[in-house]
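Encoded as structure tokens, the structure appears first; notes follow it.
The values are calculated or read from the model by the stated rules, or taken from the named source; none is laboratory data. Everything numeric in this text was worked out from a predicted model, so none of it was measured. Cβ sites come from the backbone with ideal geometry, for glycine too, and all protein chains shown count toward neighbours.
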């Protein structure tokens, strides 16, 4: 099976080198080829700045942002590929996390309550986002923007 027209981007810091190495092994073990670019933020500019810079360099139809602590089963991207269709702009997936239990249950990220998704401008760390064309939004992949759906409580 062919892979999707997708580039994985990751921001990391030196202290997380072991986690990044685990992610690299997961991406190398995929049953379909995966393009991956990451940046080691030695200058401490922050993940938002680094991810936005990486996103600007992506020239594939889909961008897949993942954290250095995300882990993927070998068929993750082969399973994802058929869902990257013209009628979708974002496809969420669930990575495993390292170390298990750190931000998840049983080695998997937990699903956020729907209220959280309604109240916040939020995209999961492991999500495929269409890059071409982007008529309404920019390639900003991290950071906060006002939400037109947010209501005052």
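Scanning the range 42-60 for residues that are surrounded by 17 or more Cβ atoms within 10 Å (Cβ to Cβ) and either free of Cβ contacts under 8 Å to residues at least 40 places away in the same chain or under 14 Å from residue 72 (Cβ atoms) (or both) yields a single hit, 50. Taking the stated definitions as given, is residue 88 modelled with pLDDT of 90 or more, in a loop (DSSP other than H, G, I, E, B) and surrounded by fewer than 14 Cβ atoms within 10 Å (Cβ to Cβ)? Answer is no for this residue. More than 15 Å from residue 127 (Cβ to Cβ), at pLDDT 90 or above and surrounded by fewer than 17 Cβ atoms within 10 Å (Cβ to Cβ): does that describe residue 99? No: the conditions fail for residue 99. When 12, 7, 37 are checked against the criterion of being more than 13 Å from residue 131 (Cβ to Cβ), in contact (Cβ under 8 Å) with a residue 40 or more places away in the chain and touching a helix residue (DSSP H, G or I) at 6+ places or on another chain (Cβ under 9 Å), 12 stands alone in meeting it. Considering only the range 53-92, how many residues are more than 19 Å from residue 20 (Cα to Cα) and touching a helix residue (DSSP H, G or I) at 6+ places or on another chain (Cβ under 6 Å)? Total satisfying the criteria: 1. Restricting attention to the range 1-22 and to residues that are more than 20 Å from residue 54 (Cα to Cα) and part of a loop (DSSP other than H, G, I, E, B), the residue that is farthest from the chain's Cα centre (by Cα) turns out to be 1. For residue 117, are the conditions met, namely being part of a helix (DSSP H, G or I), touching a strand residue (DSSP E or B) at 6+ places or on another chain (Cβ under 7 Å) and either modelled with pLDDT of 85 or more or at negative phi (or both)? Spelling it out, it is not the case that residue 117 is part of a helix (DSSP H, G or I), touching a strand residue (DSSP E or B) at 6+ places or on another chain (Cβ under 7 Å) and either modelled with pLDDT of 85 or more or at negative phi (or both). Taken as a whole, the structure leaves residue 70 outside the set of residues that are at pLDDT 90 or above and either surrounded by 14 or more Cβ atoms within 10 Å (Cβ to Cβ) or over 15 Å from the mean Cα position of the chain (by Cα) (or both).
Can you say whether residue 32 is in contact (Cβ under 8 Å) with a residue 40 or more places away in the chain and over 17 Å from residue 127 (Cα atoms), as far as the supplied structure shows? Criteria met by residue 32.
Scanning the range 23-34 for residues that are in a helix (DSSP H, G or I) and surrounded by fewer than 17 Cβ atoms within 10 Å (Cβ to Cβ) returns 24, 25, 28.
Once the range 35-54 is narrowed to residues that are assigned to a helix (DSSP H, G or I) and out of contact with any strand residue (DSSP E or B) (no Cβ under 6 Å at 6 or more places or on another chain), the residue that is modelled with the lowest pLDDT is 48.
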